[in-house]
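Please treat every number below as a calculation from the coordinates, not as lab data. As the structure is a prediction and not an experimental result, all values here were calculated from the model. FYI the Cβ positions are ideal-geometry reconstructions off the backbone, even for glycines, and counts take in every protein chain you see.
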Amino acid sequence: MTDNKTNVNTVVLSVDPINPDINKINRAAKILADGGLVAFPTETVYGLGANIMNDKAIQSIYHVKGRPADNPLIAHISNQHQISLLTDSLTPKAEVLMKHFWPGPLTMVLSKAERISKSVTGDRNTIAIRMPDHNVALLLIEHTGFPVVAPSANLSGKPSPTKAQHVMDDMYGKIDVILDAGPTGIGVESTVVDLTTKPPSLLRPGGVTVKELRDFIPEIKVGEYDNSPPRSPGMKYKHYSPNAMVILVEGSNDFKSKRINELADLYFNKGKKIGIMITDSLSGHVDSKYNVRVMGDTNDLQKIAASLYSLLRELDSLNINIIIVEGITRTGLGFAIMNRLEKAADEIITEKHEEVIFNG
Ligand code: TXA
Ligand code: MG
């Protein structure tokens, strides 16, 4: 089992994402039940799972990720009956949301049942709950027999893993099992909504868009999700960041291509290794001598979301010093994509005032 002091023998079990081998699921479920750590795919990103009833396993999650103790974990469930274990106050609004969005990339924050340890919730009286839309995750939870807590399976502060290889890069030798079912679909994490506030508030934009949420909670409070003091503790730390310095450039296509080329030349002349992430619309407009990666078409935000973390990690693996990223519009999934890029960025350059925001 996972021991903080020794090197753990990490086993990778490859499974089919639709019809996984039940023997392998059972093997991983048993390890979870016994207090081990198992990384598994969800429809958003890979999660690092532990038994919600085992405090020692939960401590191991914080330890292997290097995660601050006040950043609570999401409890993952595989059927709606399990929710009564986690909360005693399922609100009518929560019932409507779970009927419509589960399984899927929506996490609901509700008041925590007494029986759940505060080590799960970073000492809070609320608990985040979601039902992932991935057969491997659902079967794993089902076979474990209890909710599984799981943060994203990356080292704290790094881009979330969208492939098993990313989990290997961050967690090899630290966790017991990685269930490899290929790349995850959505690529950015779930949307987190706090239903304990009046009106409900958006804590993290994600796979479910604000527009979709507004059909069910028109009064939802958006836009204060990263104010301080942060109510979603995860949002106060630098996040989703590769080792390289990240510069985000926003504005018209003309402005973006001009500034991206200028910045690349500037840092290249200082001896830096440059990576550039753009959409199709700037393809051919940035100097190809740099390590240029195309995230996708601006009309295909799904594709951009799905490639985002993978490209940041890929450029990092080339020992790039500076990654210059093209900003996109904040509509639909673009809102979550830009939220992640803003968090990852060391510098944000926007056309409007030519202002530079230093992000620490
Ligand atoms: O898509 C996802 O949500 C992925 C997959 C693995 O399910 N999980 C994930 O977990 O992104 P994590 O730990 O990386 O992010 C959880 C976010 C953090 O921002 C955390 O602060 C917030 O949810 N959160 C968890 N419990 C909370 C609570 N009780 N109150 C407020 N925010 C909470
Ligand atoms: Mg995370």
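For region 143-194, build the convex hull from the C-alpha positions and give me its volume per residue in Å³. Numbers along the way, then the final one.
Values: hull volume 6.4 nm³, N = 52.
Per residue, the Cα convex hull of region 143-194 comes to 124 Å³.
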- request: May I ask which residue of Ile276, Phe216, Val64 lies farthest towards the positive end of the charge dipole of the chain, with charges of +1 (Lys, Arg) and -1 (Asp, Glu) on Cβ and the Cα centre as origin?
  value: Val64
field: Gaussian network model of the chain, Cα within-10 Å springs - most flexible of Gly327, Gly122, Gly206
entry: Gly122
query: Where does helix 55-65 land angle-wise versus the long Cα axis of the chain, in degrees 0 to 90, nearest 10?
result: 10
- prompt: Got a sec? How would Leu308, Leu155, Leu139 order by Cβ neighbour count within 10 Å, fewest to most?
  reply: Leu155, Leu139, Leu308
- prompt: How large is the helix-only mean residue ellipticity at 222 nm for the chain, computed as the sum of -39500 (n - 2.57) over DSSP H runs with n ≥ 4, divided by its residue count, in deg cm²/dmol to the nearest 500?
  reply: -9000 deg cm²/dmol
task: Give the long-range amide H neighbours of Glu43: residues separated by 5 or more places, or on another chain, with amide H under 5 Å away, using H modelled in the peptide plane at 1.01 Å from N.
output: Asp133, His134
statement: Given Cβ charges of +1 for Lys and Arg and -1 for Asp and Glu, the option among Asn79, Ile116, Leu139 whose Cα lies farthest towards the positive end of the dipole of region 76-200 is Ile116
- request: Quick one: angle between helix 301-317 and the longest Cα principal axis of the chain, in degrees between 0 and 90, rounded to 10, please.
  value: 80
query: Which of the lysines could be linked to Lys258 by a straight reach, that is with a Cα gap under 30 Å, when you skip same-chain ones fewer than 8 residues away?
result: Lys158, Lys238, Lys270, Lys272, Lys273, Lys289, Lys303, Lys343, Lys352
- line: Counting only DSSP beta bridges with both partners in region 2-151, the antiparallel fraction in percent, to the nearest 5, comes to 80
field: In degrees, nearest ten, helix 135-144 long axis to first principal axis of the chain (Cα)
entry: 30
field: Phe40, Phe146, Phe335 arranged by Cβ crowding within 10 Å, fewest neighbours leading
entry: Phe146, Phe335, Phe40
query: Mind listing which trypsin sites (Lys or Arg not before Pro) in region 78-134 are in a DSSP loop and have 10 or fewer other Cβ atoms within 10 Å?
result: Arg115
- prompt: For the chain, which longest stretch is free of loop sites, where a loop site is one of the GluC sites (Glu not before Pro) that DSSP puts outside H, G, I, E and B and that has at most 14 other Cβ atoms within 10 Å?
  reply: 225-353
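Looking only at the chain, where both bridge partners belong to it, what percent of the DSSP beta bridges are antiparallel (to the nearest 5)? Intermediate values should be presented prior to the final figure.
Numbers: 18 of 50 bridges.
Close to 35 percent.
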message: Using 0.36 nm times the number of residues separating Gln80 and Asp254, minus their current alpha carbon distance, what extension gain do you get?
response: 57.7 nm
- prompt: Over region 1-124, what is the relative contact order in whole percent, taking alpha-carbon pairs under 8 Å and six or more residues apart?
  reply: 23
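If the only charges are +1 at each Lys and Arg Cβ and -1 at each Asp and Glu Cβ, what is the size of the charge dipole of the chain around the Cα centre, to the nearest 20 debye?
620
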